[in-house]
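The values are calculated or read from the model by the stated rules, or taken from the named source; none is laboratory data. All figures in this text were calculated on a predicted structure; none of them were measured in a lab. Don't worry about glycine lacking a Cβ; one is built from the backbone with ideal geometry, like all the others, and counts go over all protein chains shown.
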Amino acid sequence: MDKIKSTTVLGILHNGKIALGADGQATMGNTVAKSNVKKIRRLAGGKILAGFAGSTADAFTLIEKFEEKINSYGGNMKRAAIELAKDWRTDRYLRRLEAMMIVANAEEMLIISGTGDVLEPDNNVAAIGSGSMYAQSAALALKKHAAHLTAEEMVKEGLTIAADICIYTNHNLVIETI
């Protein structure tokens, strides 16, 4: 998978709850262009969460396409993700889009990329973006050693740790739960 810079998105499925969060920083080169971008969206009447990393305009296009796929496949998130990944990889226009997405419903979480990947993350922790490895490492440690925390608390702490380390990640967090 391509490494997408300029944000951190973290999702955790823990104790039957999904939390998906992201920082709010958008950069242009090495300059902060905006500090409060909302990179998490509720889809399908709030039953599906989608978070993105990469080019904002590209990600918005992909989220719209994903929502169309959800509607086409009766709310089946996995099928919609697979069909989006196929289109993204093969469509002349879509394949130029530079972004990644994490999508989640109450039962599962998926990472979708433009290379055709639709991945179910190990340990029910998914992370994308420049600070993803920091956030994912923190989340895995929290799931292992602080299982009393909620999914939302783990996402918040994982993103906070990433923001402390990654220059492309800030502390303006948006976290949604199902």
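Take the range 109-121 and flag every residue that is in contact (Cβ under 8 Å) with a residue 40 or more places away in the chain and on the phi > 0 side of the Ramachandran plot. Those that are in contact (Cβ under 8 Å) with a residue 40 or more places away in the chain and on the phi > 0 side of the Ramachandran plot: none in the range 109-121.
Residues checked against (1) small (Gly, Ala, Ser); (2) farther than 22 Å from LYS34 by Cβ; (3) under 18 Å from the mean Cα position of the chain (by Cα):
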site: MET101; (1), (2), (3): no, no, yes
site: GLU120; (1), (2), (3): no, yes, yes
site: GLY131; (1), (2), (3): yes, no, yes
site: ALA151; (1), (2), (3): yes, yes, yes
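Any chance the range 42-58 includes a residue that's over 15 Å from the mean Cα position of the chain (by Cα), at pLDDT below 95 and either hydrophobic (A, V, I, L, M, F, W, C) or over 25 Å from ALA151 (Cβ atoms) (or both)? Checked the range 42-58: at least one residue is over 15 Å from the mean Cα position of the chain (by Cα), at pLDDT below 95 and either hydrophobic (A, V, I, L, M, F, W, C) or over 25 Å from ALA151 (Cβ atoms) (or both). In summary, ALA106 fulfils each of the numbered conditions (1) in contact with a helix residue (DSSP H, G or I) (Cβ under 9 Å, 6 or more places away or on another chain); (2) touching a residue at least 40 places away in the same chain (Cβ under 8 Å); (3) closer than 23 Å to GLY16 by Cβ with the single exception of condition (1). Within the range 115-133, restricting attention to residues that are of a type outside the set (S, T, N, Q) and surrounded by fewer than 22 Cβ atoms within 10 Å (Cβ to Cβ), which residue is nearest to ASP87 (Cα to Cα)? The selected residue is GLY116.
For the structure I just gave you, tell me whether ILE111 is under 13 Å from the mean Cα position of the chain (by Cα) and under 21 Å from ARG41 (Cα atoms). Judged against the criteria, ILE111 is a match. Could you count how many residues in the range 122-139 are free of Cβ contacts under 8 Å to residues at least 24 places away in the same chain and closer than 18 Å to ALA104 by Cα? Counting residues in the range 122-139 that are free of Cβ contacts under 8 Å to residues at least 24 places away in the same chain and closer than 18 Å to ALA104 by Cα gives 2. Apart from one condition, HIS171 fits all of (1) surrounded by 15 or more Cβ atoms within 10 Å (Cβ to Cβ); (2) in contact (Cβ under 8 Å) with a residue 24 or more places away in the chain; the exception is (1).
Considering only residues in the range 150-164 that are touching a helix residue (DSSP H, G or I) at 6+ places or on another chain (Cβ under 7 Å) and without any contact (Cβ under 8 Å) to a residue 40 or more places away in the chain, the one that is surrounded by the most Cβ atoms within 10 Å (Cβ to Cβ) turns out to be ILE161.
Every condition in (1) closer than 30 Å to TYR93 by Cβ; (2) surrounded by fewer than 18 Cβ atoms within 10 Å (Cβ to Cβ) holds for MET109 except the one numbered (2). Within the range 34-60, the set of residues being under 17 Å from THR115 (Cα atoms) and either in a loop (DSSP other than H, G, I, E, B) or touching a Phe, Trp or Tyr at 6+ places or on another chain (Cβ under 9 Å) (or both) comprises PHE52, SER55, ASP58, ALA59.
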